Structures are given as structure tokens and as C-alpha cells.
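*Asks:* Please see the structure below; I have some questions.
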Amino acid sequence: MLIQKPKGTYDLLPEKAFQRTFIENKLRDIFSKYNYSEIRTPTFEKTALFKRGIGEETDIVSKEMYTFNEDEFTLKPEMTASVVRSYLENSLYNESPVQKLFYISNMFRRERPQAGRFREFSQFGAEVIGSSDYLIDVEMIMLGDHILKAFGINNSVVKINTIGTLDERQAYLIEFKNYLSKYLNDLSKDSRIRFDKNPLRILDTKDKGDIEILRDAPVLYSYLRDETKILFENVLTSLKSLNINYEVDYKLVRGLDYYTHTTFEFIAEGLGSQNTVIGGGRYDVLVEQLGGKPAPAIGFAAGTERLMMVLEANKYEYPEEEGIKLYIATIGEDSKFYAIKLLNKLRASGIKSETDFLNRSIKSQMREANKLNAEYVIVIGEEEMKNKSGKLKRMADGNEIEIADIESLSVHLLI
Ligand code: ATP
Ligand code: MG
């Protein structure tokens, strides 16, 4: 029996892998324009990092992690904790007080595979550590918006909210839990569990009954201080003047204690129920929580597969892979070796070229050249090797060019 890939993983076959690389290159280009530098971290980290950095009560840590070596290590389920770990371990704050970093990397979560949800998936994202300026929040959302528009996604909307600071949330949470306690028996199982462990996250529910109950719940925004509200208003005013399509959603939360102030999610059409492409927010308390000197920070993470799904739905036109410039057809053993040497030269001068490795007949080699969409073909036999000359055939119209010196073939191909 053939062995198959693990559930929730996928292969990127050449055509899709080419598209993925195209996307990644384009992303790198955009990040670089915004002066973000790439950071790469290990595929696995100490389990304690994620427990402390993401929080024991989260879905990720409580049930989605791939942990091994007697629980010592875990495949990374997200990047923020790793980036902050690396920032602290390498004292990046000494290089520059504001670090603008981006990443593109595979993540691992043991969740139920479904459309747009895998167990190994790719995220790209950005983190800025060291500035609490609201304009960094604006830049980050601008960057997300820029990325989507660069891929022709013009109908996305960014949902945005502020969840204030830890202190501000305390008073709210008392009122919120007070309100919910009247409906405890009607809440979904997930929300009942969250009620004790992470009540803010209940606002995130997708359960219809819960949503009904939440309709009259107290609103976090009205518990925030004026200075927090002003920061938020500043962000919104900036987005408006930048023509970025946003929708304030007072129920949008990131459920962890270290999240503060701005939270946002880019929603795109064409994704069905898994419709969030980018999720992000401020996490002013995380650096300290991971043992560093306090530093405000903000970041976003985006699903690369989800971006590709939107592009598919939009019939995005990816560029074509560069075709073969020259196919060298050979007659006999000696000419095969001659061809390999010739290919060595041609490729060194940047010409995409190929020959036969199956001892095929000339007819079937020509068929192969056609299949590969080769622009030119040259046949190498006894004569050609002896005289170092030959005929370069242009496949589109059958025109033949006399080549007096095969050694300088590249000259004809580079024009
Ligand atoms: P969701 O509500 O969709 O589970 P999340 O809150 O778990 O999202 P984050 O941890 O914020 O997601 O990750 C950021 C982005 O990464 C998501 O918006 C999504 O695009 C992508 N993503 C998250 N989990 C997966 C997965 N299992 N497979 C593919 N993409 C994912
Ligand atoms: Mg999730």
C-alpha cells in the first residue's frame, strides 16, 4: 500500500509551488518597501515559551500544539512568541529602539482539518517592537491593506476595535460576567468554559445562541478611559484619510491578557466561513511577560493558504513560469556527452535549456521539445560535433538559423 501524507497537510506540486514562491517574493518586496526586515526562527521551541507567550487558556495551547520529547519542545503554532523570544535573546533593542520585523514560515496546529484550516500551514506576518505610537498601528493596517490590494483584492474590509489596557478591562469583566451569569445555562459549551478561564474571548463566539445572548451585553468600549478612546479615534481618523475601508466592531477581541488597545482583522470574500485572512493587534505587555524590559509592540499574522484561496476565487492571473529556451536533441552516445557540456555553458550564461535523458528517437525528442514549449531546438549528431556547426530551429515557425560555431550558440539565444 502507498503511504499517504498526514491528515491536514498538503503537497505543493510544481505549478502551485511556483505560485507560492511568486507570492512570497511579492510579499518580501512589499515588506521591504515598508522597511521591515525578515526574521527566521527555529521550527520548534521550548514548550514553555508558547505556554507563557500565548497563554495556557487559549485553544492553541490547550489543545492544538504538537509537543514532543517528553513535552520539552513544541512545533511552532504561531510566530509572535518566537519573535519576541529572539528579540530578547539577541538583544535586538540594542541595534535599534524600534524593530520592524516580518516573517514567512510554516506553522503547526493540531486542529480539525477543513477548508482553509490545515495542521501544517503557512503564515506571513509582521511585528513592530519598541513603539507605542498610534501611527505604527496605522502603518501596520496600511501594510495589510497594501498587501491585499497588491494582489488585486479590493473588496476586503478591516474590522477594528480597541480593547484598552488590562486595568480598564478589569471593571468591564466584572460587569460582563455579571451579565452572562444570568444566561450561563444557555451558553454554548465553549463559552461556558471560557466564562471561567478567558471570558473576553466569549465575545469571539461563532455560536448563534451566544450571539443572541451577547446582543444586550455591556460594551467594553464604554469602560475605556478617554485617553484610550482618543488613541483609537486617532487611528480611525488616519485610516479614513488613507481611504482604508474599515468597520468598527466592538466585539472584536483578542482574548489574551497581553493584548492591548488596537485589534483588527481583515475579512475577504471568497473564503466561506474561514474568512479572516489577516489578524492582528497590539500586545504591549508580552515582552515583559516573556521576561524582557517592558516594550510596547504590535503585529499581525496572515494565512498564506487563505490568501491563495481568495486569489483563486478572484481568478488571479499568476505569471507563467519561464519556458525552455533551447532543447538539444542528440543522436548517439557521444553527442549526449557533447550536449551536457554545451548545456553547462548555456546555463552558466543564463539560458534555460534541456536535453534528452531517455535515449529517445529524434522524433520523440522533437515531441518532447514541443511539450516543453521549447523556443528553439538544435540537433547534435556526428556532423555537428565534427564541424562544430549546426542548425538552430525556431519552433514557432520552423525557421532555421545556420550556426557556424556551436560554441558561441548563446549569442544567438540571448538576443
Ligand atoms: P481562526 O479564527 O480562523 O482559527 P485564529 O485566531 O486561530 O484564526 P491566528 O492565530 O490569529 O488565527 O492566525 C492568523 C491567521 O492565520 C488567521 O487569520 C488565518 O488566516 C491563518 N490560520 C490560522 N490557523 C490556520 C490553519 N489551521 N490553517 C490555515 N490558516 C490558518
Ligand atoms: Mg484558530
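The values are calculated or read from the model by the stated rules, or taken from the named source; none is laboratory data. Here the structure is a predicted model, which is why all the values come from computation and not from measurement. Note: ideal-geometry Cβ built from the backbone for every residue, glycine included; neighbour counts use all protein chains shown. Heavy atoms of the whole protein, side chains included, go into the accessibility calculation; ligands, DNA and RNA do not. Shrake-Rupley method; radii C 1.70, N 1.55, O 1.52, S 1.80 Å.
*Asks:* Can you pull out every residue in the stretch 97-130 that is away from ligand 1 (no atom under 12 Å from the Cβ), open to solvent by 30 Å² or more (accessible area, probe 1.4 Å) and hydrophobic (A, V, I, L, M, F, W, C)?
*Replies:* Val98
*Asks:* Working only within the stretch 146-170, note down all residues that are over 24 Å from Asp284 (Cβ atoms) and of a type in the set (Ser, Thr, Tyr).
*Replies:* Within the stretch 146-170, just Ser156 meets the criteria.
*Asks:* Could we say that Asn359 is within 20 Å of Ser410 (Cβ to Cβ) and open to solvent by 40 Å² or more (accessible area, probe 1.4 Å) here?
*Replies:* For Asn359, the condition - within 20 Å of Ser410 (Cβ to Cβ) and open to solvent by 40 Å² or more (accessible area, probe 1.4 Å) - is not met.
*Asks:* Can you tell me which condition Arg192 does not meet? The list is (1) closer than 25 Å to Val287 by Cα; (2) open to solvent by 90 Å² or more (accessible area, probe 1.4 Å), and all the others hold.
*Replies:* Condition (1) is where Arg192 drops out.
*Asks:* For the stretch 205-246, enumerate the residues that are among the hydroxyl-bearing types (Ser, Thr, Tyr) and either open to solvent by less than 30 Å² (accessible area, probe 1.4 Å) or free of Cβ contacts under 8 Å to residues at least 24 places away in the same chain (or both).
*Replies:* Answer for the stretch 205-246, where residues must be among the hydroxyl-bearing types (Ser, Thr, Tyr) and either open to solvent by less than 30 Å² (accessible area, probe 1.4 Å) or free of Cβ contacts under 8 Å to residues at least 24 places away in the same chain (or both): Thr205, Ser222, Thr228, Thr237, Ser238, Ser241.
*Asks:* From the set of residues in the stretch 391-410 that are in contact with a strand residue (DSSP E or B) (Cβ under 8 Å, 6 or more places away or on another chain) and among the acidic types (Asp, Glu), which is most open to solvent (accessible area, probe 1.4 Å)?
*Replies:* Glu402
*Asks:* List the residue pairs whose Cβ atoms are under 9 Å apart, where the first residue sits in the stretch 90-101 and is assigned to a strand (DSSP E or B), the second is open to solvent by 60 Å² or more (accessible area, probe 1.4 Å), and the two are 6 or more positions apart or on different chains.
*Replies:* Every condition considered, the pairs that remain are Gln99/Ser37; Gln99/Tyr93; Lys100/Asn35; Lys100/Ser37; Leu101/Ser37; Leu101/Glu38.
*Asks:* Oh, and also: Look through Arg169, Arg201 and report the one residue that is touching a Gly at 6+ places or on another chain (Cβ under 7 Å) and assigned to a helix (DSSP H, G or I).
*Replies:* Of the residues listed, the single one that is touching a Gly at 6+ places or on another chain (Cβ under 7 Å) and assigned to a helix (DSSP H, G or I) is Arg201.
*Asks:* Among the numbered criteria (1) more than 16 Å from ligand 2 (Cβ to nearest atom); (2) surrounded by 15 or more Cβ atoms within 10 Å (Cβ to Cβ), which single criterion is violated by Asn154?
*Replies:* (2)
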